[in-house]
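Participant: Take a look at the following structure, please.
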Amino acid sequence: MALEQTVNADSKSKGGIIGISQNPGALDHWFLTSHERASVTTALENMFTQECDHVDIHKEAGAKRVARYEADVQKLVSCFTTEVMANPFMQESESLVNFAMGVVLPNDSADGLVRSIENGHKQMNTFVEKRPSKLLGSNSKVQGENL
């Protein structure tokens, strides 16, 4: 368990800093003594607890969550192994394929998507060069490009 997780868990108290957060001196005192309060709390807890080997784990690492995540991964894998969806890693085509439906994107549309960043930079440069803001103002329209 991480040190800060332990310190944060041990230094929690009912009410916390609520009520003293408006008083800077009290707030400083609360922070400076939190480790002492945590050690006293831990010592009392150990003294009166039957099981001292209990270690808190994060809820994401609990057995139920891990089992659910593993089941979700297995469901996703089964979509590809049972051919409910096309496996994108086994495609021999160089074209863009929608793996949910297996539909191949036409080459002109695929090229438009692949070059969209480059086309956006060209459009921006054209706008900056041909339409100075001092002549047109900031409300001028940018012509769109059909992809």
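Participant: How long, wide and thick is region 59-113, going by the Cα atoms along their three principal axes, in whole angstroms, largest first?
Facilitator: 49, 24, 15
Participant: Rounded to the nearest 0.05, what FRET efficiency do LYS64 and MET101 give with R0 = 30 Å and r taken as the Cβ-Cβ distance? Could you check?
Facilitator: It comes out at approximately 0.30.
Participant: Count charges around VAL104 for me, please; just the other residues with Cβ under 12 Å from its Cβ, Lys/Arg as +1, Asp/Glu as -1. Please report the intermediate quantities before stating the final value.
Facilitator: Details: positive: none; negative: GLU92, GLU94.
Neighbour charge sum, excluding VAL104 itself: -2.
Participant: Okay, moving on. Would you kindly derive the ³J(HN,Hα) couplings of region 63-76 from the backbone phi angles with the Karplus curve 6.51 cos²θ - 1.76 cosθ + 1.60 (θ = phi - 60°), listing them in order in whole Hz, with x for Gly and Pro?
Facilitator: Once rounded to whole Hz, the list reads 4, 5, 5, 4, 5, 5, 5, 5, 5, 5, 5, 5, 5, 5.
Values in this text are rule-based calculations from the coordinates and carry no lab data. Computed from a predicted model, the values in this text were never measured in an experiment. A quick note on method: Cβ atoms are made from the backbone with ideal geometry, for glycine too, and the neighbour counts reach across all protein chains shown.
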